[in-house]
Every structure is written in structure tokens, then in C-alpha cells.
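Read-outs: derived from the displayed coordinates by stated rules, not from any lab. These numbers were taken from a predicted model, which means no experiment stands behind them. Cβ coordinates were reconstructed from backbone atoms using ideal geometry, including for glycine residues, and neighbour counts include every protein chain displayed.
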């Protein structure tokens, strides 16, 4: 019988001997590989944190002690050993386990985390609340080195060090050169400074100096000597200066060492930082050799590491990347920016071809937005490729640093709309709503790959304020992508189909489903005009005037939140024009956080397929017939 079969809760883990834990780690890795090869998910990050997670749960009391995982894409082992092993096969499937921490799912999931750099601030909040309540449990934040590129993590570190509350931060370092060496000396030093006897002796010496003259001078001398020694041997001075006691670096795959160190740190007071070294993809050679590809991956053959998908596809992301290279070939002012998502946003080839014009700002969308503003102010043409859900963090910079100065920075918003199995932390439902309210902001959405190319070409020469292009996590509807660009008139819409009964105003990814829905409505004798509203802001006022004069029923369709979205924007415009008798219906995503599931399934659930759109329009027309309303 395997060890994992007997692990049905975190308490069962404590019944094992420490020397059994490496074997258990191997079994957990096998389970993760088996499930993720079928479901897809975050493989490399979870393979790298198995021993660290086991050590945390061996030493601390999950549920009482609060463990927060930054980003959350490293929580699979945590879920397996906290009572969800038997359901692990459902992870990221609709109705199954979430791929991220989710308190509604388990009391062991302390805090929702799908975005980076949040754990330290949240953990400090938990620590402050603990102290206010007079409680004494531990609070631990587990943060990867990549998340330390986000400014929020330093804001949290700054206050945590200043408040001096008992808090343990574990820096899971698997890429940064801050600690290339994990040697015997470093382990020895960490063992010493974490040891309870050492800390008691240090406290005794500190108390002794209280009775001596010039105690402040003596204490400063002792501290300075300690800092000098540690600065040569331990790469933790930045944390010490922020008010943390630094320990490490130590081997994060040595579970025995991890347990010993955590046990020693458990009873120490004040803000502590433990620096551990791990390897992404640990235990699966394909993930070890190519951790980027196995960071977030679809289903794959676990024997070969090859993707199971055999279909020929062309994602919008790839069209964006190739097009930007073509534009940059002919315009040396074009620059590309990413926030630690070089591959995910399609910029890998650009980064190799134009390294001097490529900038990875780290997990720092706020900085990336203002950095783009600086480039634009200096006459460059920045294209910031960013996921919709992550651009939310740069909202203030979009308003204050970019739009207020009418700077021509281009924001290419990937993963706009439903993203699928990553769920509510990653769905790009809100970008239309939060962009619509910003003055001088151009908002566009292409219906296909060719239109994406043409909008990018237009944006590359646009000089009158920020320009945004939103596109989904999907394949383009056609693969006939051209290397020559057609001109799109700024602010123009496109009539795709004529009909006299109603007008359908469709945005981006909803254009083709709306077009197909109109064909379905023909069978019921309903003739619809379908308009590609590729410019959400500004709208095509000339075409909108024609629509108002011709139709009594207008339906807007968008893959975004209806609250504050394109449909409501059109509704406001109609009212401003005095067409109060116009019947307007907005189809889009509801006012809720949408759970995880496949993109196709979720679009169907919310009526954003051709069948769903046609059905909704039939219901609208029937409802109005029942109330004796007539249409022009």
C-alpha cells in the first residue's frame, strides 16, 4: 500500500516519520503528473513545491495556523493533503476543484490568490487581526521569487517590518540569481541563527548590555559586526534592512532540513523571512528541462511530454506576436512590453529578434503602464501586451499617467472575456467596463485575425491618446492571415448582413456567433442586420444614427460584463439622442464572478453562442409581441 493512500487529511501526515516524507513526495508528484496530463494546469510550479508544502503541514497546524500561497498556482500538494485527494482528478474541471486556493472549497484555503504579490499584505492583515483578538496562531506567507517583482510585495514588506508583528514569509526561490549557491556554510549559518539556544543566548547578551554604560554604542557595534559578516555570507540584507530576520538560503527539497528549520522558527517572534531554493518541474524531466512550457499547460502525454492537441490552430496571441514583428521591421520606434508573460502574450520571437526594444517589467502592471507612458512621451511607440485580468492592477496608471496626458501607448489586451479553467481570478470580464469611463481612450475589438492585424497597424500610427485592442483566449475564426494590411477608418463599424427587423451590434469575439445567429433567425422569418462594432469607443455615430432611424429593436452582444459595458454605453447614447421608445437589449456576462470551466461550456451557459443568441432574440421578440409592442 502506498503512503498517499493513508493521507486523508493534514493530520495523517503527522503520523509519518520524517524519513518517509521523500517517498510520499514522489507519490504526490506521480498523482499531479497523472491528473494534470489529462486536465491541464500549472505543472512546473507545483512540482517544485512538494517538499516545502509537506514540511509546512508537518510543522504547523493548517486551519488554525494561516498559510497563504502567493499567486496560488502552487497549491496542488496543499489540496491533496488537506482532504481533497479523492477529488483531485476534478481539478480545473467544471464543478470540480479550483486550480487556486478557494476558501469556499476548504477551510484550509486561507485566502483567494490568482494574482501575484498579494500574500505578504494579506498575511500581515491576518497577523494584525490575530493580535487584536489576543490569539497566538502562526501566519505564513509562501511567495515565489517572481512575485517579488511586484510592487505590492514591497509595500507589504515595508509595513510588516515596521509593525514588527510575528509573521513568517517563505521566499520560494526557483529562478533568481540572488542565491546561486546553496552550500554547507549557508546551511550551517541558518541552523545556528534559527536555533533556540542561539536565540536565547543572543537575548541574554542583549539584556546584559542593558546594565552597561554606553549600551547603545555597544549594541550598534554588535549589530554592525553581525551585518558585516552576514552581508558576505548570506544574500538577505535587503530583508534585514526592512526589519525582517533573514534565514537561508536552504534546500527546499530537503524535507528533513525544512522541518527542522521551520520547527526552530515556529516559536520566534517578530517578522521572519526564510529563503528556500527549489527547482521548477522537480521530478518530471520534461518540466525540469522546459519549466516555461510546463508552467500552464493543456493536456499532454505524460510519457513523452507532448501536447495531446493535434488540431491545427492559430490563436489570437500568435497573430499578435507575428504582426508586431512585421510592424517593428518597418518602424524602429515600436517597442514591446510584457509583465512577466513573454511566452503567454506571444512576444517570445519579438524578444529574440529585437532584444533592445523588448522590455519585461516583471509582475508589475502598474509600472509597465507608466513605463509605456514614458516611452510614448519620448516619441517611442510602446505596445504593452497584457492579460485583461492583470491590466486591472494598472487602472490608476491608465487614468493618471497615460490618458490624462493623451499619450499614444497601445495596450493589447489578451484573454479578454472567458478564459476557461483558470476561473474567476483570470476571466477578463471587466476591461470594457473599466476602460469605457476613461476620457480619450480608444477601445477596439477585432472580429478575426486579419482585423487584429489592421487595428494594430492603425494603432502603430495613432498619436491622439491611448489605443486598446482586446481579443479572446481563442483561435482566430480563419487562418488566412495576410502580411499586407488594409486600412480601417478610425471609429468605423462594418455592416456584415442586412435585415429589416432588428439590428445586432456585436463586439469582437461575438461577431461571428451573432452572424450565425442571424442565419438561424431567418428560419423563423426574422431578418436581422448584423454590425461589427470593432470600435467600442468612439462609436460610429453616422452608422448609429442610421440604426436609430431604421430600427425599433437593437440587441448588443459582448463577451464582457454587462454592467458598465458596451451595451450600457450604447443605451446612454440612445437616451442622449432622445430615442426613448427604442427597445434595447444587452447580452453579455452577468453581474457575478464566473466559476471555472471550459471556455465553450461557459459561453454556452451564458447564452453567448449562435444558438444562445438566436434563442435570446426569439424570447425578446415573443415577449414584446405578448405586450403588443410593434417594431418598425
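Worth a mention:
- Distance between the 7 Å Cα→Cβ label points at residue 624 and residue 288: 6.5 nm.
- Tilt relative to the chain, helix 119-132 - C-alpha long axis, 0 to 90 degrees, to 10: 60 degrees
- By other beta-carbon atoms within 10 Å, ranking 316, 246 with the fewest at the front produces 246, 316.
- The residues 333, 487, 381, 279, when put in order of fewest to most other Cβ atoms within 10 Å, stand as 487, 333, 279, 381.
- For the chain, the longest principal axis of the alpha carbon atoms and the long axis of helix 541-550 meet at an angle near 50°.
- Pairwise FRET efficiency - residue 490 versus residue 583, Cβ, R0 = 22 Å, nearest 0.05: 0.15
- Sorted by Cβ density within 10 Å, fewest first, the residues 1, 510: 1, 510
- Spatial separation of Cα centroids for the stretch 290-337 and the stretch 511-526, in angstrom: 33 Å
- Extended-chain gain in nm, criterion 0.36 nm per residue less alpha-carbon gap, residue 356 and residue 136: 74.0 nm
- Between the stretch 389-438 and the stretch 101-118, the alpha-carbon center distance in angstrom: 23 Å
- When the helices of the chain are scored as -39500 (n - 2.57) per DSSP H run of n ≥ 4 and the total is divided over every residue, the value at 222 nm lands at -11500 deg cm²/dmol.
- Per-pair calculated FRET efficiency, R0 = 30 Å: residue 15 and residue 207 via Cβ, rounded to 0.05: 0.15
- Against the main long axis of the alpha-carbon atoms of the chain, helix 151-163 sits at an angle near 40°.
- Förster radius 51 Å - calculated FRET efficiency between residue 237 and residue 307, Cβ distance, rounded to 0.05: 0.70
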